[in-house]
Amino acid sequence: MEEAKGEEVTLFGFWSSPFVHRVIWALNIKKIKYKYVEEDLCDKSALLLEHNPVYKKVPVLVYNGIAIADSLIIVEFIEETWKENSIMPQDPYEKAVARFWATAAGDGLWQFFITEGKEREEALTSVINNFELLEKELIGKNFFGGDRIGYLDISVGWISYGVPIFEEITEFKIITEQKFPLLHAWMEAFSNSEFVKDTLPPREKLSERYRNVWEAIMQKKN
Amino acid sequence: MAGSGNSEVKLLGAWASPYVARARIALNLKEVQYEFLEEQFGTKSELLLKSNPVYKKIPVLIHDDKPICESMIIVQYIDEVWVSSGPALMPADTYDRALHRFWAVYIDDKFVPALFGMMRAPTEEAKAEAKEQALASLQLLEEAFGKISKGKPFFGGDTIGYLDIALGAFLGWIKAFEEMNGFKLLDAAKTPLLCAWAENFCNNEVAGAVIPETTKLVELAKVMQAKFKSAPPAN
């Protein structure tokens, strides 16, 4: 339906990037046909550098020749350009809450992952405080978007695989069924949803990637 | 009418905060009646801690007891709620909207840390680095202005928009740093478009009135610098 207009959508990405995954999920929900270009982050293509000269990063969405960068901005662009299968809440307050948590939900998680001792404890406190608040956003809902996956689900969806991988590598559980029953259930529902299920690389491959990154960082410190 | 019926609008802020200025400019452009609750420097009120438990920072907009946090999220919220009052802050075209959002994120990501980095830099080397970053980012914004404004006075075209607010709110502090350090951040030779834009912004009755006087900001900066040097930062 969308491609009948002769529109061309290209996504420049990298297989393990959670930012790229956000865009893939948004494109899937909106049922938009697109071409995917895998970038080698150690040898970025001339096209990528041309389309995102400011940050030189993925994801970049190119739509009819114009380039949009920054995953959350791309997701809002997709929402506003293709009107069907809406992912944003209609209510301005709910939009504001979703936009807030889209960036705030991840705060502290990376620090938790790559630090040790007191720094890690502080990061963990911040993560737990945020998750307690985020848990409340799921009361009475299957997804942050309600019955269906919405903007906030897409924005924080990387938590559904990222946190378990962090937990595995650091050998520390954050999201347990006891402590965060709603978040725990959401992670499973999100991962199994039709728009997400076949989009991710095999868990082992992702785990390996994160572990390599983690080891490299930890080695640099010690 | 804006602020219609019994809807109650409060803004938690501080006179010198450029992030708070963003919210004020948006509220004023949209002719919203609101109560301004000034946070005291160095302390955080109960209301602030309750309304923004994640970051504990101003500005926080409280509309009918519901808190909205993060300055540019607040600006979008104001634009969406008071849609029939004053000009639209976000452009209509979806690509233009993406551009406004992109450069607003860039400003917070690259320009603002460099701007305040110059004040807080512990060494001359760090200060020089921050200065270079600030100037480089303004150069990119100059180019962006050329493309986005399409020959009009503002990023938003004929009227002040989302991206104008994102950067314009910092004009007070930009001028303060220029005065304190004796060099131009907005230089007519290097960033002529932004210089003209800055003048238009400050001359705008509504937006310009929100920007604090440069002398007051310079005074505050000196007080903060002295405090910063004499004690470890406690945030």
Candidate cut points under GluC sites (Glu not before Pro) in the stretch A:37-113, DSSP loop plus at most 12 other Cβ atoms within 10 Å of their own Cβ, are A:Glu84
Taking every pair of alpha-carbon atoms in the stretch B:60-167, what share in percent sits in each 5 Å bin, from 0 to the bin with the longest distance?
-> 2, 12, 19, 19, 16, 13, 10, 6, 3, 1
How much of the accessible area of the stretch B:94-226, probe 1.4 Å, is carbon plus sulfur, in whole percent?
-> 53
Share (percent) of C-alpha pair distances in the stretch A:93-178 greater than 19 Å works out to 38
Would you mind telling me the antiparallel percentage of the DSSP bridges in the protein assembly as shown, rounded to 5?
-> 70
State, to one decimal in nm, how far the label point of A:Tyr93 lies from the label point of B:Asp64, with both points 7 Å from Cα in the Cβ direction.
-> 0.6
So, in nm, how far is label B:Lys50 from label B:Lys227 when the simple model puts each one 7 Å beyond its Cα toward the Cβ?
-> 2.5
Sorting B:Val75, B:Val83, A:Val97, B:Val223 on solvent-accessible surface, 1.4 Å probe, most exposed first, gives B:Val83, B:Val223, A:Val97, B:Val75
Long-range tail of P(r) for chain A (Cα pairs > 31 Å, %) = 22
So what's the back-of-envelope 222 nm ellipticity for chain B, counting only DSSP H runs of four-plus at -39500 (n - 2.57) apiece and dividing by all residues, rounded to 500?
-> -17000 deg cm²/dmol
How many times 2.2 N^0.38 Å is the alpha carbon radius of gyration of the stretch A:1-110?
-> 1.10
Find the percent of Cα-Cα distances in the stretch B:9-81 that exceed 14 Å, and round it to a whole number.
-> 53
Note to self: C-alpha centroids of the stretch B:50-73 and the stretch A:76-95 sit apart, in Å, by 22
Efficiency of FRET between B:Ala88 and A:Lys197 - r from beta-carbon atoms, R0 41 angstrom, step 0.05 | 0.55
As computed over the stretch B:94-226, the Cα convex hull volume per residue (Å³) | 100
Summing Lys, Arg as +1 and Asp, Glu as -1, what charge do residues with Cβ under 10 Å from the Cβ of B:Leu47 carry, B:Leu47 excluded?
-> +1
Chains A and B together, accessible area buried on both sides, 1.4 angstrom probe, square angstrom | 2100
Kyte-Doolittle cut-off -0.5, length cut-off 20 Å along the helix's own axis using Cα: show which whole DSSP H helices in chain B pass.
-> B:124-149, B:214-230
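How large, in Å, is the protein assembly as shown by the Kirkwood hydrodynamic radius built from its alpha-carbon pairs?
So the Kirkwood estimate lands at 23.7 Å.
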Pseudo-spin-label distance A:Ile128 to B:Ala128, built 7 Å along Cα→Cβ, given in nm, is 4.6
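Over the stretch A:83-126, what number does the Rg to Rh ratio reach, with both radii from the alpha-carbon atoms and Rh per Kirkwood?
Ratio of gyration radius to Kirkwood radius: 1.26.
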Over the protein assembly as shown, average the accessible area per residue using a 1.4 Å probe and give it in Å², no decimals.
-> 49
Pop out the ³J(HN,Hα) list for the stretch A:195-210 in order, Karplus 6.51 cos²θ - 1.76 cosθ + 1.60 with θ = phi - 60°, rounded to Hz; leave Gly and Pro as x.
-> 7, 10, 2, 9, 8, 9, x, x, 3, 4, 5, 5, 4, 4, 4, 4
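Where does chain B land on the Kirkwood hydrodynamic radius, alpha-carbon pairs, in angstrom?
18.5 Å is the Kirkwood radius here.
The values are calculated or read from the model by the stated rules, or taken from the named source; none is laboratory data. Worth saying up front: this structure is predicted, and the values here are computed from it rather than measured. All Cβ positions, even for glycine, are placed from backbone atoms using ideal geometry, and neighbour counts span all protein chains on display. All accessible areas refer to the heavy atoms of the entire protein, side chains included, with ligands and DNA or RNA removed. Shrake-Rupley method; radii C 1.70, N 1.55, O 1.52, S 1.80 Å.
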